[in-house]
Amino acid sequence: MARVWGLLGALAGFLGVAMAAYRAHGGFTPEHAELFARASEITLWHAPVLLFLGLWRERTGGWLVDAAGAAIALGVVLFAGTVAALALGRISHATLAPYGGSLLLLGWALIAVASLRR
């Protein structure tokens, strides 16, 4: 699983930078540009977390680290993906974003619990 979290962290970093570049050149309305910027930021903020979880899993890991990685990876997809789709006009309501945000919070809570158990 360490390699999975590392790969997903690198992918999140790549996508976050690509999203930021697209936002800068995509011709968005100001409102949609702001939404797309938020999706990019969430993706970029969590890329190093996934990389860190990959390293942590390799050294001392366990199921809590894997659960945190899964929650954060899925949370980024649901939250940032939904917000980006809203900004791109692909959907009219960000109905999955709250689930993604909840998963991100769960991931961070699992990191805290895993930290206390070591």
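The values are calculated or read from the model by the stated rules, or taken from the named source; none is laboratory data. Everything numeric in this text was worked out from a predicted model, so none of it was measured. For neighbour counting, all protein chains shown are included, and Cβ atoms are generated from backbone atoms with ideal geometry for every residue, glycine included.
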Task: Subset of the range 1-48 (residues that are more than 25 Å from A68 (Cβ to Cβ) and not small (G, A, S)) - done: Y22, R23, H25, F28, T29, P30, E31, H32, E34, L35, F36
Task: Every residue from the range 87-101 that is aliphatic (A, V, I, L, M) and at pLDDT 90 or above - done: A87, L88, L96, A97
Open item on the list: Can you find a residue that is basic (K, R) and within 15 Å of the chain's Cα centre (by Cα) anywhere in the range 38-48?
Closed with: yes
Open item on the list: Looking only at the range 1-11, how many residues end up being in contact with a Phe, Trp or Tyr (Cβ under 9 Å, 6 or more places away or on another chain) and buried (at least 21 other Cβ atoms within 10 Å of the Cβ)?
Closed with: 2
Open item on the list: Out of the helices (runs of 4 or more DSSP H) lying entirely within the range 20-118, which hold 3 or more residues that are on the phi < 0 side of the Ramachandran plot and of a type in the set (F, W, Y)?
Closed with: 30-59
Task: So R57, is it surrounded by 20 or more Cβ atoms within 10 Å (Cβ to Cβ) and among the basic types (K, R) - done: yes
TODO: Given the conditions (1) within 29 Å of L116 (Cβ to Cβ); (2) more than 17 Å from the chain's Cα centre (by Cα); (3) small (G, A, S), report the number of the one that A33 does not fulfil.
DONE: (1)
TODO: Could you please give the count of residues in the range 71-92 that are free of Cβ contacts under 8 Å to residues at least 12 places away in the same chain and under 17 Å from the mean Cα position of the chain (by Cα)?
DONE: 1
- [ ] Filter the range 62-118 for residues that are of a type in the set (S, T, N, Q) and over 17 Å from L44 (Cα atoms) and give the result.
- [x] S92, T95, S102, S115
Open item on the list: Could you go through the range 84-94 and let me know if any residue there is surrounded by 17 or more Cβ atoms within 10 Å (Cβ to Cβ) and either under 26 Å from M1 (Cβ atoms) or touching a strand residue (DSSP E or B) at 6+ places or on another chain (Cβ under 9 Å) (or both).
Closed with: no
